[in-house]
Structures are given as C-alpha cells and as structure tokens.
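Okay, so here's the structure we're looking at.
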Amino acid sequence: MDLEKIEQQIEQERRILNQMAAEHGIRDHRVIDQSEQLDRILDSYLQYKHRKRREPAHKWNENC
C-alpha cells in the first residue's frame, strides 16, 4: 500500500471518528473502537514512512 492510499484511509477513518464522537460522545465504546482502529492505521503509516526513509533514495546505475 502506498502512502497516498494510507493517507486517504486515515482521513476517512478520522471523519468517521469525528462523526461518531459527535453522535455518541467520546466515551462510547464504538467511538473508542474507532479511535483504536485509527491508531492502528496511523501506526502502520508511521512504520511505512520510517522504512521508506531508511531505504536509499535511488540506486545508482553501474554505468554512471
């Protein structure tokens, strides 16, 4: 999964979380579950970014 898709998923889950919190309150178990889901996605996003940052930006061609 690329960063753009993960970012889109984060925004979608965040909108859902905000809507649920407005409807049910922040202490509702469904809101807490949604918040945990968003946390898992954010963790994946940060791990993916960290791995990408550690990879070389490009590999040089031996003929250069």
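Of note:
- Peptide packing for 32-40, 2-10, 48-56 was compared via the average number of neighbouring C-beta atoms within 10 Å per residue; ordered from the highest value, the list is 32-40, 2-10, 48-56.
- Normalising the Debye intensity of the chain to I(0), with uniform scatterers on Cα atoms only, and taking log10 at q = 0.16, 0.18, 0.21, 0.29 Å⁻¹ returns -0.61, -0.70, -0.83, -1.14.
- Across the stretch 3-19, rounded Karplus estimates of 3J(HN,Hα) from the backbone phi angles (6.51 cos²θ - 1.76 cosθ + 1.60, θ = phi - 60°) give 4, 4, 5, 5, 4, 5, 5, 4, 4, 5, 5, 5, 4, 4, 4, 4, 5 Hz, Gly and Pro being marked x.
- Between helix 29-54 and the chain: long-axis angle, C-alpha atoms, 0 to 90°, nearest 10: 10
- The relative contact order of the stretch 3-54, computed from alpha carbon pairs under 8 Å that lie at least 6 residues apart in sequence, is 45 percent.
None of the figures in this text is laboratory data; all of them are computed from the coordinates on show. Bear in mind the structure is a predicted one, so any value in this text is a computation, not a measurement. Using ideal geometry, Cβ is built from the backbone for each residue, glycine included, and neighbour counts are taken over all protein chains shown.
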